[in-house]
Amino acid sequence: MSITGKRPKLIATDLDGTIVSNYGFISERTVAAFTKAHHLGIEIFFVTGRPPRWMEEIRDTFGFGNAICANGALLFDLPTHKVIEKWLISVESQLMIAGKLRSAIPTISFAIEFDDTFHREIAYVPRWDIGMDNIGVERIETLMKQPAFKILARCSDGDLSSDEMLEIALRELEGIATVTHSNAIDSLLEISAVGVSKGLILAKMAERAGFTAEDCVTFGDNPNDFSMLAWAERSWAMADGHPDARKYAKFVAEPHQEDGVAKVIEELLLLPE
């Protein structure tokens, strides 16, 4: 595929499954491509479902760039490791979310994130935050006392996939919250405040910088990336990502294990300004 048009003014990428492998590795070729783009004056945004506490390796690997964390809930200054803007789920909405999903999916369990903390129900078995909350509570509602940046919902018995859970949650939480997921083979939902998504917040940041969707390029692999893939004039879904990603992206990049994003960026940087 030959890439045409002008060199982008902003490049935004998802992390895990897009430029970060499932064992946490970022290739030298990927780092080199983003570094060259940065040196050419292109704005770099790392747009991720990760909370800020998981961003140290990104800061240490790249040393530059902007970050949108928690699927759009947090604007994060990567060099100083500080949250500079938040779009949070109100306590009222949190309680409504938990109630509606408990009714729709009886085996569901929850975790919640606010500030720099992670809290879970006893029934919720964490896969990435093991050790952060070793006790848990019977019901997450007892911890819903302040605005939160993300609610996580897991199907405790694993009978439903993330896609199946998402179908139910989109129906139950319409107008109440934004629901997505970042792992099709898991049983896990990621829930943000209504109207908060990677695409919406990235578009807001681009507008602040004086850029349009035509000036921007995005990369992603899972449903939490679909909004920013759809928004950008040029966007690439990962060939090894969620099968529906291609419906939202304009192009398909080679698998992340084969440096698909880096290869596209290398071509983009050859374009005229």
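Of the DSSP beta bridges with both residues in the stretch 91-193, give the percent that are antiparallel, rounding to the nearest 5. Present the calculation step by step, with values, prior to reporting the outcome.
Values: 18 of 19 bridges.
Of those bridges, close to 95 percent are antiparallel.
Is the stretch 223-273 best put as rounded, prolate or oblate by its Cα gyration tensor, with a ≥ b ≥ c the root eigenvalues, rounded for a/c under 1.5, and otherwise prolate when a/b is larger than b/c, oblate when not? Spell out each step's value before the answer.
Working: a/c = 2.77, a/b = 1.32, b/c = 2.10.
Oblate is the answer for the stretch 223-273, as a/c is 1.5 or above yet b/c matches or exceeds a/b.
Using the basic label-point model (7 angstrom from Cα toward the beta carbon), what is the K6 to E164 distance in nanometres?
Once both label points are built, they end up 4.9 nm from each other.
In nanometres, what is the gap between the two model label sites at S156 and A230, each 7 Å from Cα along Cα-to-Cβ?
3.4
For the stretch 122-188, which trypsin sites (Lys or Arg not before Pro) are in a loop by DSSP, counting at most 13 other Cβ atoms within 10 Å?
On the way: sites: R127, R139, K145, K150, R154, R171; in loops: R127, R139, K145.
The qualifying sites are R127, K145.
Once R0 is set to 25 Å, what does the formula 1/(1 + (r/R0)^6) return for the Cβ-Cβ distance between I84 and T117, expressed as a FRET efficiency to the nearest 0.05? Can you show the working numbers first?
Details: r = 19 Å, r/R0 = 0.75.
Using R0 = 25 Å, I get an efficiency of 0.85.
At H39 and R139, where each label point lies 7 Å from the Cα along Cα→Cβ, what is the point-to-point distance in nanometres?
5.8
Could you derive backbone 3J(HN,Hα) for the stretch 165-175 from the dihedral phi with the Karplus parameters 6.51, -1.76 and 1.60 (θ = phi - 60°), listing whole Hz in sequence and x where the residue is Gly or Pro?
5, 4, 4, 5, 5, 4, 6, 6, 10, 4, x
Where in the stretch 46-73 does the label zone of D186 land, with the point 7 angstrom along Cα→C-beta and an amide N cut-off under 11 Å?
Inside the label zone: 49-51.
Starting from the Cα of E266, step 7 Å toward the Cβ, then list every residue of the stretch 225-260 with an amide N under 16 Å from that point.
The answer is 253-260, whose backbone nitrogens lie closer than 16 Å to the label point.
Round to a whole angstrom and tell me the spacing of the C-alpha centers of the stretch 193-247 and the stretch 48-71.
17
Hey, with R₀ at 22 Å, roughly what FRET efficiency would Q146 and A104 work out to, going by the Cβ-Cβ distance, to 0.05?
Working: r = 25 Å, r/R0 = 1.15.
The value I calculate is 0.30.
What does DSSP give for the chain in terms of the percent of beta bridges that are antiparallel, rounded to the nearest 5? Don't skip to the end; give the middle numbers.
Numbers: 26 of 46 bridges.
In the chain, approximately 55 percent of DSSP beta bridges are antiparallel ones.
Counting only residues 5 or more places away or on other chains, whose amide H sits under 5 Å from the amide H of S235 once H atoms are built in the peptide plane?
T218, K250, F251
Would you mind getting me the FRET efficiency between K250 and F211? Use the beta-carbon distance for r and R0 = 25 Å, nearest 0.05. Could the numbers behind the result be given before it?
Details: r = 17 Å, r/R0 = 0.69.
Once the sixth-power term is evaluated, E becomes 0.90.
Could you work out the relative contact order of the chain? I mean the mean sequence separation of Cα pairs under 8 Å and 6+ apart, divided by the number of residues, in percent. Working shown, then result.
Numbers: 564 pairs, mean separation 57.6, N = 273.
The normalised contact order for the chain reaches 21 percent.
If you restrict to DSSP beta bridges whose two residues both lie in the stretch 1-88, what percentage is antiparallel, to the nearest 5? Mind dumping the intermediate values first?
On the way: 7 of 15 bridges.
If I count the DSSP bridges inside the stretch 1-88, around 45 percent turn out antiparallel.
Looking at the stretch 95-136, which chymotrypsin sites (Phe, Trp or Tyr not before Pro) are DSSP coil and have at most 14 other C-beta atoms within 10 Å of their C-beta? Don't skip to the end; give the middle numbers.
On the way: sites: F110, F114, F118, Y124, W128; in loops: Y124, W128.
Of the chymotrypsin sites (Phe, Trp or Tyr not before Pro), the ones in loops of the stretch 95-136 whose Cβ has at most 14 other Cβ atoms within 10 Å are W128.
Report the relative contact order of the stretch 91-193, percent, no decimals, based on alpha-carbon pairs under 8 angstrom and at least 6 residues apart.
That works out to 29 percent.
Explain nothing, just compute: Karplus ³J(HN,Hα) = 6.51 cos²θ - 1.76 cosθ + 1.60, θ = phi - 60°, for every residue of the stretch 28-38 in order, whole Hz, x for Gly and Pro.
Residue by residue, the stretch 28-38 yields 4, 5, 5, 4, 5, 5, 5, 5, 5, 4, 4 Hz.
Quick note: the coordinates plus some simple rules give every number you see, no bench work behind them. Being a predicted model, the structure only gives us computed values, none of them experimental. Glycine also receives a Cβ, built like all others from the backbone with ideal geometry; neighbour counts cover every protein chain displayed.
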